[in-house]
Amino acid sequence: MSRLSGASQADRQPNPSEAGLQRRSAMRIGKYLLFVLLVPLWASLLTQAQDHRGSIQGRITDASKGVIPGVSIKVVNDATNVQTETISNDEGAYLVALLEPGTYTATVEYPAFKTQVMKGITVRTGDRLTIHIQLEIGESADSVTVSANTTILETNTAEISQVVDRKFLDFLYIPNRNPVELAKLTPGVYGGGGSFSSSEQHQFTVNGGGDQTGGNAVTVDGGSITMPRQFGAMSVSLPGDAVEEVRVQTTMFDAAYGQSNGGALIYSSRGGTNDLHGSFEWFYRNEALNANTWMNNKNGLTR
């Protein structure tokens, strides 16, 4: 009887090879699930790293240069009335991030200090502005209004770039209605062009980054539109009416655009405002306005 009982217990013991196979299968499933979970996270972080939006940061102090923590900062987009709020930390530092290109009004409030209002703060595509604020002692009901009439110098980055804003798109002739053409307004950029549906429009060179033709990073609202297996060709391009700004970074940009071996072209698309607006274009072609051909001129023939 004991022999039979011992045999039955031996039969119930798992086969070593089967147990190893089960462990390996479980490990493979675990690795697969980890991969599935991490890929969206990695993709979201990559998108954030290439964010086209700007930010405002700085430090808030009193008249004695002492930092003030817990100060309320409200930044409002003048065109859309979208409000972004934050408070200063223990060191008096603040950061207002993810600001769409536009003009903003900032309101800074703290008990026992006068409210400070700063108007006309222009945030462009990819701007990292630094604005230090000094509050005055007084009643919160009292306010001090400051107007920013000049462009604020970026001191947070050493990158070399140029922003082609909406006024250039509105008042300059855009060949083939393609905003890529306006990248040539930046020193050191040449080549490229064609219509916004052309497969050759990415063939421009940014000399500042030691670029090979077509080897640039191109993003629209933070998402890459280049196709590496097609030598950097652009999968899609926006027409001029859909573009708010274009930032052309020629060199010294950060790791967010490390996949580029040249420069970076950063589109920011247009958004809505509280005012009704639109645009109209009319292209008129008439043979009566065409010039004579070169061969006709050579042979003395009229048009």
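Could you check, for the stretch 73-91, whether at least one of its residues is among the polar types (S, T, N, Q), at pLDDT below 95 and in a loop (DSSP other than H, G, I, E, B)?
From the stretch 73-91, those among the polar types (S, T, N, Q) are 77, 80-81, 83-84, 86, 88-89; that's our starting set.
This time we only want the ones that are at pLDDT below 95, so: 80-81.
From the residues that got through so far, the ones that are in a loop (DSSP other than H, G, I, E, B) too are 80-81.
Yes, the stretch 73-91 has at least one match.
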Counted residues, the stretch 138-171 - those being without any contact (Cβ under 8 Å) to a residue 24 or more places away in the chain, in contact with a strand residue (DSSP E or B) (Cβ under 9 Å, 6 or more places away or on another chain) and assigned to a loop (DSSP other than H, G, I, E, B):
1
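Outside the structural domain of Leu98 (by TED's automatic domain parsing), more than 15 Å from Ser269 (Cβ to Cβ) and either modelled with pLDDT under 85 or surrounded by 15 or more Cβ atoms within 10 Å (Cβ to Cβ) (or both): which single residue out of Glu244, Glu200 fits that description?
Values: Glu244 fails: more than 15 Å from Ser269 (Cβ to Cβ).
Of the residues listed, the single one that is outside the structural domain of Leu98 (by TED's automatic domain parsing), more than 15 Å from Ser269 (Cβ to Cβ) and either modelled with pLDDT under 85 or surrounded by 15 or more Cβ atoms within 10 Å (Cβ to Cβ) (or both) is Glu200.
Go over the candidates Glu281, Glu244, Glu200 one by one and state the one that is assigned to a strand (DSSP E or B) and either out of contact with any strand residue (DSSP E or B) (no Cβ under 7 Å at 6 or more places or on another chain) or touching a residue at least 60 places away in the same chain (Cβ under 8 Å) (or both). Outline the logic, then answer.
Working: Glu281 fails: assigned to a strand (DSSP E or B); Glu200 fails: assigned to a strand (DSSP E or B).
Just one listed residue meets the conditions, Glu244.
Just give me the residues in the stretch 256-278 being part of a loop (DSSP other than H, G, I, E, B), among the small types (Gly, Ala, Ser) and either in contact (Cβ under 8 Å) with a residue 60 or more places away in the chain or closer than 30 Å to Glu159 by Cβ (or both), in sequence order.
Gly258, Ser260, Gly262, Gly263, Gly271, Gly272 - these are the residues of the stretch 256-278 that are part of a loop (DSSP other than H, G, I, E, B), among the small types (Gly, Ala, Ser) and either in contact (Cβ under 8 Å) with a residue 60 or more places away in the chain or closer than 30 Å to Glu159 by Cβ (or both).
Looking at Leu95, Leu99, can you tell me which residue is surrounded by fewer than 19 Cβ atoms within 10 Å (Cβ to Cβ), in the same structural domain as Asn77 (by TED's automatic domain parsing) and not hydroxyl-bearing (Ser, Thr, Tyr)?
Values: Leu99 fails: surrounded by fewer than 19 Cβ atoms within 10 Å (Cβ to Cβ).
Just one listed residue meets the conditions, Leu95.
The values are calculated or read from the model by the stated rules, or taken from the named source; none is laboratory data. All of these numbers come straight from a predicted model, not from anything done at the bench. Here Cβ is always computed from backbone atoms with ideal geometry, including for glycine, and neighbour counts include all displayed protein chains.
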